[in-house]
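The values are calculated or read from the model by the stated rules, or taken from the named source; none is laboratory data. All of these numbers come straight from a predicted model, not from anything done at the bench. Heads up, the Cβs are rebuilt from the backbone with ideal geometry, glycines too, and the neighbour counts pull from every protein chain shown. These accessible areas exclude ligands, DNA and RNA; they are computed on the full protein's heavy atoms, side chains included. Shrake-Rupley method; radii C 1.70, N 1.55, O 1.52, S 1.80 Å.
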Amino acid sequence: LRYRAAIRRAAAADGIDAMLFVDADGAIIDGDRALPVVLLDGDIAYAPGPDDGAVASVTLDAVRPSLADAGIELRHGRLTADMVAAARALVLLGSGVGAVGVSEVDGAAVGDDGAVVGDDGAAVGDGTALLAAARTGLRAAGYHCDS
């Protein structure tokens, strides 16, 4: 675990908040402390699963019902840089960090610029729906979320 601490210190010195682990074929397999989840067009979210090299995520299991309630279909699959570039949203999920929206990866913006808000005040029609649904699921599972 010393190598992880050294990598995090170096990343923090460069202004990096989180890291994504990429395999030899270029697939994003996990994060340094949270699982990446991308929302693509059509309200389909993808997250790497154990078959893709990621650690099984109890946090993802906790938010799965709220994603479904928000009309977001969750699939496990191979994530690529192209998927992140085309994503409406990228959220990191972890028991230590909760649900964190990512606005930039390697200097490139990620996700939609503006939110569309429905009559009930919930985000609809854009990438913020993934983050809102994830936070709702975490609260329902007893996690503390600041936002």
Item to check | Matching residues in the stretch 94-112 - criterion: being on the phi > 0 side of the Ramachandran plot and either touching a strand residue (DSSP E or B) at 6+ places or on another chain (Cβ under 9 Å) or crowded, with 18+ Cβ neighbours inside 10 Å (or both) | outcome: G98, G111
Checklist outcome for this item: Exactly one of G71, G49, G53 is on the phi > 0 side of the Ramachandran plot, modelled with pLDDT of 85 or more and not charged (D, E, K, R), and that one is G71
Checklist outcome for this item: Note on the stretch 18-28: residues open to solvent by 40 Å² or more (accessible area, probe 1.4 Å) and assigned to a strand (DSSP E or B) are L20, F21, V22
Next on the checklist: Give all pairs with beta carbons closer than 6 Å in which a residue from the stretch 73-90 that is farther than 22 Å from G107 by Cα meets a residue that is loosely packed, with under 15 Cβ neighbours inside 10 Å and of a type in the set (A, V, I, L, M, F, W, C); count only pairs at least 6 apart in sequence or on separate chains.
Outcome noted: E73/I44
Item to check | Where D32 falls short, out of the listed (1) surrounded by 15 or more Cβ atoms within 10 Å (Cβ to Cβ); (2) acidic (D, E); (3) at pLDDT 85 or above | outcome: (3)
Next on the checklist: Looking at A99, A5, A24, A62, can you tell me which residue is within 17 Å of T136 (Cβ to Cβ) and modelled with pLDDT under 90?
Outcome noted: A99
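Can you tell me which residue in the stretch 117-141 is modelled with the lowest pLDDT, limited to those that are more than 24 Å from R75 (Cα to Cα) and open to solvent by 50 Å² or more (accessible area, probe 1.4 Å)?
V117
Please find, within the stretch 56-88, the residue that is farthest from A24 (Cα to Cα) out of those that are touching a Ser or Thr at 6+ places or on another chain (Cβ under 7 Å) and either assigned to a strand (DSSP E or B) or open to solvent by less than 30 Å² (accessible area, probe 1.4 Å) (or both).
By that ranking, first place goes to S66.
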